[in-house]
1. In the set Thr308, Thr319, Thr313, Thr334, which member is of a type in the set (Ser, Thr, Tyr), surrounded by 23 or more Cβ atoms within 10 Å (Cβ to Cβ) and out of contact with any helix residue (DSSP H, G or I) (no Cβ under 9 Å at 6 or more places or on another chain)?
2. Exactly one of (1) surrounded by 16 or more Cβ atoms within 10 Å (Cβ to Cβ); (2) free of Cβ contacts under 8 Å to residues at least 60 places away in the same chain is unmet by Gln117. Its number?
3. Give the residue that is farthest from Pro282 (Cα to Cα), with candidates limited to residues of the stretch 340-364 that are of a type in the set (Gly, Ala, Ser) and either touching a residue at least 12 places away in the same chain (Cβ under 8 Å) or in a strand (DSSP E or B) (or both).
4. Looking only at the stretch 266-325, filter to residues that are part of a loop (DSSP other than H, G, I, E, B) and among the aromatic types (Phe, Trp, Tyr); which one of those is modelled with the lowest pLDDT?
5. Given the conditions (1) in contact with a strand residue (DSSP E or B) (Cβ under 8 Å, 6 or more places away or on another chain); (2) buried (at least 18 other Cβ atoms within 10 Å of the Cβ); (3) under 26 Å from Gly185 (Cβ atoms), report the number of the one that Leu275 does not fulfil.
6. State all residues of the stretch 251-290 that are free of Cβ contacts under 8 Å to residues at least 24 places away in the same chain and within 16 Å of Gly361 (Cβ to Cβ); if no residue qualifies, say none.
7. Condition test on Ala119, is it of a type in the set (Gly, Ala, Ser) and over 21 Å from the mean Cα position of the chain (by Cα)?
Amino acid sequence: MKFQITALAMFASLGLSGLAAAQTPPAAPPAAPPVANDYSNPETWLCLPGRTSDACGVDLSATVVETDGKSDKITLQASPAPSNIDCFYVYPTVSTDPTPNSDMTIDEAERRVVAVQFARFRNVCRPFAPMYRQVTLSALRQYMTGQNPGASRELAYNDVKAAWDWYLANENKGRGVVLIGHSQGSGVIAELVKREIDGKPIQKQIVGVMPIGANVPVDEKGMFGSIPSCSARGQTGCLISYVSFSDSVPPAPTSRFGKVEGAGLHAACVNPAALGGGKGEPVSYHWNRPLTGSAPPVAWARDLAVDTPYVTTPGLLTTECVRSGEFSYLKVTTNADPADARTDTVPGDIVVFGKVDANWGLHLVDMNVAMGDLVDIVHQQAVAWKKSQ
């Protein structure tokens, strides 16, 4: 079975769109200088430490689906005490606002994507997730049809930088911090690292950098500027980045994911399930809610109804970083077995006019295919950071 997303549903989805990395709009300044956001106002943040009713304060229960189709529920409660590090997250393209850049009102789209991609980190680090005036889905649709809505990527970046500056001045207090993003959010994170962190005094407090689902250029040694790619759990100050494709649908020649420009550079690919290289079986946390109101639920196993927000399927997937021509990406293989009662494919394919679009890969679920590993990596980094201090 295969979970498919129509082109219309892809644009309408409230939490898993993450599309901006594939279409880079030309920079266009806003008509008038925008008013700076006040990040001392808690309403400008999706997540802040100590809040139980914000976007990170969601039900994290999951159903474990085994090979025989049997299942069990697990719960994940908020940590009773803050970790010794923080996580700073920038979300992907999800805004359903009709304007080129979004407003600062928290809508269901932003809350949903936090639940899908970031809320599970709250047990291993203090969560910080600012709202920002991102390039919207509406603007992206116009760019993809040859129009120019005049969206400003610099406005989006400046908002995140302002949130980062407020965090450093008011909340960091010498703590370690992991930067996490997806798609458009990852592009902003990568730019923030280049402009404000790499080679600057604050770099000593960077525990990890995780710009997922974006083309992050690294050299043949895996270096993003002075930041190395992670090669072992417990390593701090390192990079984890990748774009994911199913083994059965590798990148099309026209795909913009998994390739970068520049001599001696390639798109970063670090396999969270095997940081030292090679294949690994990731700990996935799939989102078990419809992408749209009319989407049917995923059948994770025969005769099994799952009612938790998340699903994990031990041993169902294998991931491996591959280089193929100009592409560098995380290949995701489903270990299909006729004797296995579980689904043979994971949610995430984008289907346009009845056909899987090989340009997008598994972009919608980049983070989910290895969510358990990403959270554990941050936990191990927190342990190492505490020892180093």
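The values are calculated or read from the model by the stated rules, or taken from the named source; none is laboratory data. Keep in mind it's a predicted model, so treat the numbers as computed, not measured. Glycine gets a Cβ as well: all are built from the backbone with ideal geometry, and neighbour counts include every protein chain shown.
1. Thr313
2. (2)
3. Going residue by residue through the stretch 340-364, those that are of a type in the set (Gly, Ala, Ser) are 341, 348, 354, 358, 361.
Applying the additional criterion that residues be either touching a residue at least 12 places away in the same chain (Cβ under 8 Å) or in a strand (DSSP E or B) (or both) yields 341, 348, 358, 361.
Details: Ala341: 19, Gly348: 16, Ala358: 22, Gly361: 17 Å.
Residue satisfying both the conditions and the ranking: Ala358.
4. Checking each candidate, the answer is Trp300.
5. (1)
6. Listed by number, the list holds a single entry, Pro253.
7. Working: of a type in the set (Gly, Ala, Ser): yes; over 21 Å from the mean Cα position of the chain (by Cα): no.
It is false that Ala119 is of a type in the set (Gly, Ala, Ser) and over 21 Å from the mean Cα position of the chain (by Cα).
Per-residue answers, yes or no, for (1) of a type in the set (Ser, Thr, Tyr); (2) in a helix (DSSP H, G or I); (3) in contact (Cβ under 8 Å) with a residue 40 or more places away in the chain; (4) farther than 28 Å from Val207 by Cβ:
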| position | (1), (2), (3), (4) |
| --- | --- |
| Pro127 | no, no, yes, no |
| Arg133 | no, no, yes, no |
| Arg141 | no, yes, yes, yes |
| Ala151 | no, no, yes, yes |
| Leu155 | no, yes, yes, yes |
| Asp159 | no, yes, yes, no |
| Trp164 | no, yes, yes, no |
| Asn170 | no, yes, yes, no |
